[in-house]
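Visitor: Below you'll find the structure I mean.
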Amino acid sequence: MRLLITHGTIVHADRIEKDMNIYIENGKVVMMGQNIEREADQVIDAKGLYILPGLVDAHCHLRDPGFEYKEDIASGTRSAAKGGFTSVACMPNTNPVVDNVSVVNYIIEKAQKEAVVNVYPIGAITKGQEGHELAEMGSMKHAGIIAVSDDGKPVMSGAVMKKALIYAHQFGLPVISHCEDLDLADGGCMNEGVTSTIMGLRGIPSIAEDVMVSRELLLAEYTGIPIHLAHVSTKTSVELIRQAKERGVKVTAETCPHYFTLTEKACLGYNTLAKMNPPLRTDDDVKAIKEGLRDGTLDIIATDHAPHHNDEKNVEFEKALNGIVGFETALALTYTTLVDKGILSLSQMVEKLSTKPAQILGLDKGTVACGKDADLILVDFDNEYTIDVSGFASKSKNSPYDGYKVKGRVMATLVSGKAVYTHTAFKGL
C-alpha cells in the first residue's frame, strides 16, 4: 500500500515544517518534502491540517482482563484512536493482575486480534499488587511488558521499592510509581481543604502525595536508578521534582489534563465524575502544574484513562470509584488550555504527548521521520466544538468535561499507514 499525504504542516518536537508531503509505503515513512512526485494508491489532502506523530499514552487502563464491562481492548483502542493516540501503555490493575507471563500473553494476543492501535502492557511491581513480594519481572519482560508499576496502589514499603528499582533496572524496565501514603490519605475521598469541609467529606491531604514523591526521589538518588512518577498533582511535588532534577536525580514525571484544567471545586454538588485519585487540587496546585509543564519539570502528559460503568459513579460520593475517561479529550484539553494560552508551543505539546513518552518507555515511536512507522494523526486546531460524552467510542462515559468548549479535533488517525479512525467531516480520505 502506497500512500501520499499532501500539503500538511508537520509538527515535530523541535520544529514545524509547512506545506509538506509525506510518502508512505508498506507502513513506513519513505519520503518527506515539499515536492514529492510518486505514484500512490491513495492520496490524502491535508491542506489546512497539522500532521503530528501519533500520540503515545504512558498511562491508561484498558480494564482487560476482568473488567470488560467497563472497557476492553477493542473499545479502548478505538477510543484511543479517536483521540489521536496510536500507542498506549496499559496498567496492570486488572483481574487477574498482570504479574505473570500468562496474563501478559493474553493481553498481547488479544491486542493483535482486536486492537486498532499499538498496545504495550505494563507489569506489576509486586505479586497481586499487594506490595510485598516482587513480581516475575524478567519473564514478563521476555513476554513483552515495557515497564512495571503497581498503579492504583502505592508500594508502601520503602525497602520493597528499593529492591524493585534495582531488580527492574537489570531488565531495562522503567519503574512507574503511584505516589500515595495510604496512612496519610486515611480513607479520604477528595482533596483536604475548604471544599471538602464545606461538603462534609473526609479529605486527602496533599502531603500524602508529597511524602511519597520525596521518598521516591531519595531512592532514585541513592541507587542512581531512574524512576518515573505517575499523575503528579500538587505544588509541592512539582517543586520537589524540580529540585531533584537540579541535583541530577534521574527522574521523569507525568501529569494529566484534569490536573491542569480542573480544581477541587469541580466536586461541588457531590459530582462523582470529578472524583479521582490523586484528587483534584487547588488553584495554586493547578498553576504549579502548568508551570512545571512549561519549564520541563513535568516531562509528559498522560491520560490515566480510567473507564467506569455508570452504576459505579452514580452512587454516594464516598462510594464512587475513582477516575475518568481521557483518551478522547486529552489532546483538545491540552491544546485549548496550554497551547492556545501560550503556556506551551505546538512543538512542546508534541514532545509531551508523543516524543518524550515514547523515549521514557523505550518505544521507537513518537516521531515523524523517514524509516519510522507511519503512526500519524491529522488535526484541525481551528476546529472549535463542544465535548459530547455520548459520542465517545469508549464503553464508559465517566467524564466531567461534557459540554466543555475546546479547540483541536482529530480528523484522521493512521497506524502503520492504515487509517484506523476518520472523522465524518473529513473529506481528505
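The values are calculated or read from the model by the stated rules, or taken from the named source; none is laboratory data. Computed from a prediction, not measured in an experiment: that's the story for all the values here. Note that we place each Cβ from the backbone using ideal geometry, even for glycine, and neighbour counts take in every protein chain shown.
Visitor: So if I check each of 162, 141, which one is among the basic types (Lys, Arg) and more than 22 Å from the chain's Cα centre (by Cα)? Outline the logic, then answer.
Guide: Numbers: 141 fails: more than 22 Å from the chain's Cα centre (by Cα).
Selected residue: 162, the only one of 162, 141 that is among the basic types (Lys, Arg) and more than 22 Å from the chain's Cα centre (by Cα).
Visitor: Among the residues of region 155-162, is there at least one that is free of Cβ contacts under 8 Å to residues at least 24 places away in the same chain and of a type in the set (A, V, I, L, M)?
Guide: Initially, region 155-162 is screened for residues free of Cβ contacts under 8 Å to residues at least 24 places away in the same chain, giving 159.
Now drop any that are not of a type in the set (A, V, I, L, M), which leaves 159.
The answer is yes; a qualifying residue exists.
Visitor: Give me a count of the residues in region 87-125 that are over 22 Å from residue 360 (Cβ atoms), in contact (Cβ under 8 Å) with a residue 12 or more places away in the chain and part of a helix (DSSP H, G or I).
Guide: 6
Visitor: Select from region 293-311 the residues that are buried (at least 18 other Cβ atoms within 10 Å of the Cβ) and either outside the structural domain of residue 260 (by TED's automatic domain parsing) or not in a strand (DSSP E or B) (or both) and list them in ascending order.
Guide: Let us first name the residues in region 293-311 that are buried (at least 18 other Cβ atoms within 10 Å of the Cβ), namely 293, 297-308.
If the condition is that a residue be buried (at least 18 other Cβ atoms within 10 Å of the Cβ) and either outside the structural domain of residue 260 (by TED's automatic domain parsing) or not in a strand (DSSP E or B) (or both), then 293, 297, 298, 299, 302, 303, 304, 306, 307, 308 are the ones that fit.
Visitor: For residue 80, are the conditions met, namely being part of a helix (DSSP H, G or I), in contact with a strand residue (DSSP E or B) (Cβ under 8 Å, 6 or more places away or on another chain) and under 18 Å from residue 56 (Cα atoms)? It would help to see each step written out before you state the result.
Guide: Numbers: part of a helix (DSSP H, G or I): yes; in contact with a strand residue (DSSP E or B) (Cβ under 8 Å, 6 or more places away or on another chain): yes; under 18 Å from residue 56 (Cα atoms): yes.
Against the criterion (part of a helix (DSSP H, G or I), in contact with a strand residue (DSSP E or B) (Cβ under 8 Å, 6 or more places away or on another chain) and under 18 Å from residue 56 (Cα atoms)), residue 80 qualifies.
Visitor: Across region 127-154, what is the number of residues that are hydrophobic (A, V, I, L, M, F, W, C) and either outside any loop (DSSP other than H, G, I, E, B) or touching an Asp or Glu at 6+ places or on another chain (Cβ under 6 Å) (or both)?
Guide: 6
Visitor: Kindly provide the set of residues from region 390-401 that are surrounded by fewer than 19 Cβ atoms within 10 Å (Cβ to Cβ) and touching an Asp or Glu at 6+ places or on another chain (Cβ under 6 Å), ordered by number.
Guide: Hits for region 390-401: nothing passes.
Visitor: Taking the stated definitions as given, is residue 335 at negative phi, free of Cβ contacts under 8 Å to residues at least 40 places away in the same chain and in a helix (DSSP H, G or I)?
Guide: Values: at negative phi: yes; free of Cβ contacts under 8 Å to residues at least 40 places away in the same chain: no; in a helix (DSSP H, G or I): yes.
When the stated conditions are applied, residue 335 does not pass them.
Visitor: Right, next: Answer yes or no: is there a residue in region 33-46 that is crowded, with 22+ Cβ neighbours inside 10 Å and assigned to a loop (DSSP other than H, G, I, E, B). Walk me through how you get there before you give the answer.
Guide: To start, the set of residues in region 33-46 that are crowded, with 22+ Cβ neighbours inside 10 Å comprises 44, 46.
Those left that are additionally assigned to a loop (DSSP other than H, G, I, E, B): 46.
Yes: one or more hits.
Visitor: Please identify the pairs in which a residue from region 263-277 that is without any contact (Cβ under 8 Å) to a residue 60 or more places away in the chain and within 15 Å of residue 312 (Cβ to Cβ) has its Cβ atom under 6 Å from the Cβ atom of a residue that is hydroxyl-bearing (Ser, Thr, Tyr) and not in a helix (DSSP H, G or I), counting only partners at least 6 apart or on another chain.
Guide: none
Visitor: Within region 402-422, count every residue that is outside any strand (DSSP E or B) and surrounded by fewer than 16 Cβ atoms within 10 Å (Cβ to Cβ). Even if it seems obvious, please write down each step before you answer.
Guide: Taking region 402-422 first, the residues outside any strand (DSSP E or B) are 402-404, 416-417.
Next, only the ones that are surrounded by fewer than 16 Cβ atoms within 10 Å (Cβ to Cβ) stay: 402-403.
Looking only at that region, the number is 2.
Residue by residue, here is whether (1) in contact with a strand residue (DSSP E or B) (Cβ under 9 Å, 6 or more places away or on another chain); (2) acidic (Asp, Glu); (3) free of Cβ contacts under 8 Å to residues at least 24 places away in the same chain holds:
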position	(1), (2), (3)
326	yes, no, no
344	no, no, no
351	yes, yes, no
354	yes, no, no
358	yes, no, no
377	yes, no, no
394	yes, no, no
425	yes, no, yes
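Visitor: Are any of the residues in region 346-354 in the same structural domain as residue 169 (by TED's automatic domain parsing) and over 17 Å from the mean Cα position of the chain (by Cα)?
Guide: Filtering region 346-354 down to residues in the same structural domain as residue 169 (by TED's automatic domain parsing) leaves 346-354.
Narrowing further to those that are over 17 Å from the mean Cα position of the chain (by Cα): 346-347.
Checked against the condition, which is being in the same structural domain as residue 169 (by TED's automatic domain parsing) and over 17 Å from the mean Cα position of the chain (by Cα), region 346-354 yields at least one hit.
Visitor: Now, a different point. What tally of residues in region 1-20 results from selecting those that are in contact with a strand residue (DSSP E or B) (Cβ under 6 Å, 6 or more places away or on another chain), surrounded by 15 or more Cβ atoms within 10 Å (Cβ to Cβ) and either free of Cβ contacts under 8 Å to residues at least 40 places away in the same chain or not in a strand (DSSP E or B) (or both)?
Guide: Let us first name the residues in region 1-20 that are in contact with a strand residue (DSSP E or B) (Cβ under 6 Å, 6 or more places away or on another chain), namely 2-11, 17-20.
Filter once more, so that each one left must be surrounded by 15 or more Cβ atoms within 10 Å (Cβ to Cβ): 2-11, 17, 20.
Cutting the leftovers down to either free of Cβ contacts under 8 Å to residues at least 40 places away in the same chain or not in a strand (DSSP E or B) (or both) gives us 17, 20.
Here the count works out to 2.
Visitor: In addition: Which of the residues spanning region 242-259 are over 21 Å from residue 320 (Cα atoms), part of a helix (DSSP H, G or I) and touching a Leu at 6+ places or on another chain (Cβ under 7 Å)?
Guide: 244
Visitor: Moving on. Would you point out which residue out of 344, 333 is closer than 22 Å to residue 394 by Cβ, out of contact with any Gly (no Cβ under 6 Å at 6 or more places or on another chain) and surrounded by 18 or more Cβ atoms within 10 Å (Cβ to Cβ)? First the steps, then the outcome.
Guide: Values: 344 fails: closer than 22 Å to residue 394 by Cβ.
Of 344, 333, the one residue that is closer than 22 Å to residue 394 by Cβ, out of contact with any Gly (no Cβ under 6 Å at 6 or more places or on another chain) and surrounded by 18 or more Cβ atoms within 10 Å (Cβ to Cβ) is 333.
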